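Structure, as structure tokens:
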Amino acid sequence: MKTKPVLCPERLRHVPAQFSWIDQRLVRDRHIRGRTPRALALYLFLCTVADAQGASYYSDATTGSLLGFSREELCAARAELAAAGLIAHHCPFYQVLSLDRGAAASLARPPEPRIGEARSIGEILRSMIKAP
């Protein structure tokens, strides 16, 4: 393994007291392939605010405001990440999911939206394609 130079030794990273990290398998196992920039921004946000179990509960309004997303953009990014098996969402809770190879394959379908909850066209089409 190559030794990489430390460019700024006075700014070495460490695990902070408040737990937060991004799994390298996101890139190595190509989970980011084909993801939109908005979905990746949401994923980074959720990883940053999640606890050690991956759970967080920022409201849509706060999340959208912090990321500069409209409600529709947030819903589309969330649907994309859920369809990819990267997150689970049941309003108002999010969970960043494990990237273990077996975990993604064994995920149950995400819960159906509650009556009156808005869905994107993409979500509707994906649910139609996946229907038995």
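Listing for the model above:
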read-out	value
Residue check, Ala52 within 15 Å of Gly122 (Cβ to Cβ), surrounded by fewer than 18 Cβ atoms within 10 Å (Cβ to Cβ) and out of contact with any Leu (no Cβ under 8 Å at 6 or more places or on another chain)	no
From the options Leu86, Leu67, Leu46, residue that is surrounded by 14 or more Cβ atoms within 10 Å (Cβ to Cβ) and more than 12 Å from the chain's Cα centre (by Cα)	Leu67
Condition check for Val27: hydrophobic (A, V, I, L, M, F, W, C), at pLDDT below 95 and surrounded by 10 or more Cβ atoms within 10 Å (Cβ to Cβ)	yes
Asp51 being touching a Lys or Arg at 6+ places or on another chain (Cβ under 9 Å) and modelled with pLDDT of 75 or more	no
Residue list for segment 8-54, restricted to those being of a type in the set (Lys, Arg), touching a residue at least 12 places away in the same chain (Cβ under 8 Å) and not in a helix (DSSP H, G or I)	Arg35
Qualifying residue in segment 64-78 (condition: part of a helix (DSSP H, G or I) and touching a strand residue (DSSP E or B) at 6+ places or on another chain (Cβ under 8 Å))	yes
Only one of Glu112, Glu123, Glu117, Glu72 that is more than 21 Å from Trp21 (Cα to Cα), charged (D, E, K, R), out of contact with any Cys (no Cβ under 6 Å at 6 or more places or on another chain) and modelled with pLDDT of 90 or more	Glu72
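The values are calculated or read from the model by the stated rules, or taken from the named source; none is laboratory data. It should be emphasised that the depicted structure is a prediction, and the values quoted were computed from it without experimental measurement. Heads up, the Cβs are rebuilt from the backbone with ideal geometry, glycines too, and the neighbour counts pull from every protein chain shown.
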